[in-house]
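The numbers here are math on the coordinates, done by the rules we state, and not lab data. Being a predicted model, the structure only gives us computed values, none of them experimental. Neighbour counts run over all protein chains shown; Cβ positions are idealised from the backbone, glycine included.
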Amino acid sequence: MTTAHLVTRPSVQDAVARAAYGVALALLFVPFVVLAPANSEADLWTRVAVFVTLLGAVTLPAAAIAGLGVFASRYVPDAENAD
C-alpha cells in the first residue's frame, strides 16, 4: 500500500485496517519465492516441501495482522459521524 493511498482514507482506523490487510497479503506471497526458476539447485519436490513449510510459517503472522485490520475496521467512523 502506498502512503498516498493511506493518506486519502477518511480516518486513521481505516488507514490502519487497509495497511494491515496489505501487509498480511504481502506476507502470504513470500513462500512463492521458493518456486521461482532461479532456485534451480533444488528439485521440484524439495521446493514444494519448502513452499508448504513457509506457507505454514507465515499463515499465523498473516492471520494475526489481518485480525488487527479487522479489529481496526470495527472502529471506523461512518460518514455521518466523521466530524
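List of remarks:
- Computed helical MRE - 222 nm, the chain, DSSP H runs ≥ 4 contributing -39500 (n - 2.57), nearest 500: -21000 deg cm²/dmol
- Degrees separating the helix 12-28 axis from the principal Cα axis of the chain, which is the longest one: 10 degrees
- Matching label, log10 I(q)/I(0) by the Debye sum over Cα atoms at q = 0.13, 0.20, 0.26 Å⁻¹ computed from the structure shown, candidates [x] -0.73, -0.94, -1.08; [y] -0.54, -0.86, -1.12; [z] -0.47, -0.87, -1.29: [y]
- When each of the peptides 45-52, 23-30 is scored by the mean number of other C-beta atoms lying within 10 Å of its residues, the order from highest to lowest reads 23-30, 45-52.
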